[in-house]
1. Cβ-Cβ below 8 Å, separation at least six or inter-chain, first residue in the range 193-209 and surrounded by 10 or more Cβ atoms within 10 Å (Cβ to Cβ), second among the acidic types (Asp, Glu) and in a strand (DSSP E or B): which pairs?
2. Just the residues that are at pLDDT below 90 and of a type in the set (A, V, I, L, M), please, taken from the range 162-185.
3. Mind counting the residues in the range 158-192 that are part of a loop (DSSP other than H, G, I, E, B), touching a residue at least 60 places away in the same chain (Cβ under 8 Å) and farther than 14 Å from Ile229 by Cα?
4. Tell me the residue from Ser154, Ser144, Ser184, Ser170 that is under 30 Å from Pro237 (Cα atoms), in contact with a helix residue (DSSP H, G or I) (Cβ under 7 Å, 6 or more places away or on another chain) and among the hydroxyl-bearing types (Ser, Thr, Tyr), please.
5. Residues to consider are Asp239, Asp221; find the one that is farther than 17 Å from Gly263 by Cα, surrounded by fewer than 16 Cβ atoms within 10 Å (Cβ to Cβ) and without any contact (Cβ under 8 Å) to a residue 40 or more places away in the chain.
6. With the requirement that a residue be of a type in the set (A, V, I, L, M, F, W, C), under 20 Å from Leu164 (Cβ atoms) and assigned to a loop (DSSP other than H, G, I, E, B), what does the range 193-241 give you?
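The values are calculated or read from the model by the stated rules, or taken from the named source; none is laboratory data. If you're wondering where the values come from, they're calculated on a predicted model, not measured in any experiment. Backbone-built Cβ (ideal geometry, glycine too); neighbour counts: all protein chains shown.
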Amino acid sequence: MKSNNHESIEDLFPFYALGSLSDDERERVEVYLDENPEAQERLREMMEVASALAYVPEPLKPPAQLKERLLDEIRARPREPQTARRTPIAEGRIIGWFGRNRAATALAILGLFVAATSAFWAVTRNAQIVELRAELAGLEATISQQNEIISRISLPGVQAVDVLATNEGSQAGGRLFVDPEAPSGVLFVWGLAPLSPEESYQVWLIAGENPVSAGFLPIQDQGGSVHLIEASRALQPFDAIGVSIEPVGGSDLPIGPIVLFAGLAD
């Protein structure tokens, strides 16, 4: 049976493992350890658990009074005399470890908390990585589109055509960069008014009385947009380009008002 003095010293083991003892307390523990080799093994187990604290990303600093309060609570609990009894080996090891020191049991529970906290931070970190990868993919797509736009408007033979608003007083406008002999072009627009969720801006290439849809304008800040036009044939046969307001999903033919228009014929 351990004396009360020995039990009092071993109550300091968890705080020794956490490095929160005063110099006087640490010296008392180390003198005790030199005289009690068996106690060294018990302290080693606690320090292994305490070492996991280093892996918590943002540890919280406990209040200064926590150590004294825990010690007061431990010392205030009645200690039952230990009686020798025979137990199975496995059961004896478990009971022996937890029975030697209540503070050690608390430290073991703390170790489980550390493991759970580390798992939580790992899941959070993985979610952040997925989010960052999605943002990176979006940036790469934007850069790729910008490079495509620059390459198209820089080609020899590309012409710039002003696209004008059909309503007098409208601040909307645009410019089409196109090579008449190529099946593609780049349309820049600005100043378009915001639409309701049920509406969209649809682009049309017009040949005589036959308009052909050339996609939709995703409106950005200040009513601006950049649209890559892809046609099934060279744009030279088309007489004009227009932008109309259509239901979401588009129309087979323009049924809404045309807000931007430009002629393409020489």
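1. Listed pairs, sorted by first residue: Glu199/Glu246; Ser200/Glu246; Tyr201/Glu246; Gln202/Glu246.
2. Scanning the range 162-185 gives Val178, Ala182.
3. Selection size over the range 158-192: 5.
4. Selected residue: Ser184, the only one of Ser154, Ser144, Ser184, Ser170 that is under 30 Å from Pro237 (Cα atoms), in contact with a helix residue (DSSP H, G or I) (Cβ under 7 Å, 6 or more places away or on another chain) and among the hydroxyl-bearing types (Ser, Thr, Tyr).
5. Asp221
6. Result: Ala193, Leu195, Ile219, Leu235, Phe238.
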